[in-house]
Amino acid sequence: SDLMLFLISIAVGLFIWVGVQWASMERLLREGDFAPSKQSPLENTITTVYWLLVTAGYLTWSFASDSWGISWILWIIGGILFAAIREILHYFENKQA
């Protein structure tokens, strides 16, 4: 039991150490989460407004009905609808180009 906890602590330490180095390299190379945004200004605006509306809807539903146990489903529906909206937006942007 003590040996297992010791090995787990070493593994966690290694994960953290490697993760920090990985994130540093991504930041220096401007890759991953640190890559420049390739969104158009219209897509950026639609994305921001959409997720703000989803958040407002979630909080309104949750506070008004006190149904926190089921209202989380709004995030799943919101994510699926967002993917659909984003693909439709890409279709029309590519059609114009």
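Quick one: accessible area per residue over the chain, 1.4 Å probe, rounded to a whole number of Å²?
Details: 8000 Å² over 97 residues.
Value returned for the chain: 83 Å² of accessible area per residue.
In the chain, the longest principal axis of the Cα atoms and the axis of helix 41-65 are about 80 degrees apart.
Could you tell me how many degrees, from 0 to 90 and to the nearest 10, lie between the Cα long axis of helix 73-96 and the main elongation axis, the longest principal axis, of the Cα atoms of the chain? Computed tilt is about 60 degrees. Within the accessible surface of the chain, defined with a 1.4 Å probe on protein heavy atoms only, the carbon and sulfur portion equals 72 percent.
Just A11, A35, A84 to compare: in a GNM of the chain, with alpha carbon springs under 10 Å, which one fluctuates most? Answer for the Gaussian network model of the chain: A11. Dipole check for the chain: with +1 at the C-beta of Lys and Arg, -1 at the C-beta of Asp and Glu, and the Cα centre as origin, the magnitude is about 240 Debye.
The values are calculated or read from the model by the stated rules, or taken from the named source; none is laboratory data. Quick caveat: nothing in here was measured; it's all calculated off a predicted structure. With ideal geometry, Cβ positions are generated from the backbone for all residues, glycine too; neighbour counts draw on all protein chains shown. All accessible areas refer to the heavy atoms of the entire protein, side chains included, with ligands and DNA or RNA removed. Shrake-Rupley method; radii C 1.70, N 1.55, O 1.52, S 1.80 Å.
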